[in-house]
Structure formats: structure tokens, C-alpha cells
1. Please give the number of the condition residue 50 fails out of (1) at pLDDT 90 or above; (2) farther than 15 Å from residue 68 by Cβ.
2. Kindly state which helices (runs of 4 or more DSSP H) lie completely within the stretch 10-91 and contain at least 2 residues that are touching a residue at least 40 places away in the same chain (Cβ under 8 Å) and surrounded by fewer than 14 Cβ atoms within 10 Å (Cβ to Cβ).
3. Is it the case, given these coordinates, that residue 62 is farther than 14 Å from residue 87 by Cβ and touching a helix residue (DSSP H, G or I) at 6+ places or on another chain (Cβ under 6 Å)?
């Protein structure tokens, strides 16, 4: 499942243009935060536990740097991740999606993603 999250978010982020930022510390890339947020929804865990899972599974998700639970929490701000999550939903709903050929026992359903965007815990 982690590979599916990584692949879908990578496809999504490659379709979206990067925003130019001003001076200051560069922010954690939105795709990295979204990957952790989706993993968090999939496993049904709080932010602090998700931070620990990031340390364990960061390489599997394709995330090269660690960040705190507060960064994960800030990812729930709509302006930070909404466009990326909308595009993830669109990719998951595309007919003929190349990811459908993978024989995975689980998938992120549209209901889970919509609940995730709304901040509601959806059953797995």
C-alpha cells in the first residue's frame, strides 16, 4: 500500500506546477506531507504516531527528509494540500488507470479520500 501511495502522489505532483516561494526556510514539499497524511489515514493513527511511521517507512514512501508531527498537522490546512488531494482523487477515479493492473489487497477508496479531505475518520 505504501508503494501505491508513493506512486499516486508522485504522478499527481508531476502534473502540478511548483509554486515559487519567497525568502526564508524552504517548506517541506507538499507531496511529502500528503504521502504521510494518506499513510496516516490508511493506518488510522494520530499525528505523533505518523511521525514515527515516517521514520520507519520514509524510504518506502520516497521521502528523503524527516519532519515533525506539527508539519503533518499543518498539512491539514486546505490551502496547503487541497489541490494535490483533489488531483489524487481524480487519478484514483480515472478509468483505465494503470495502477488498476497492480494486484493489491487494499486500495484507498474514494470514500476514504473524501473523508480524509473533510477531516473525518473513515472506516478502512
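The values are calculated or read from the model by the stated rules, or taken from the named source; none is laboratory data. All values reported here derive from a predicted model rather than from experimental measurement. Every residue, glycine among them, receives a Cβ derived from its backbone with ideal geometry; neighbour counts consider all protein chains shown.
1. All conditions are met except number (2).
2. none
3. Yes, satisfied.
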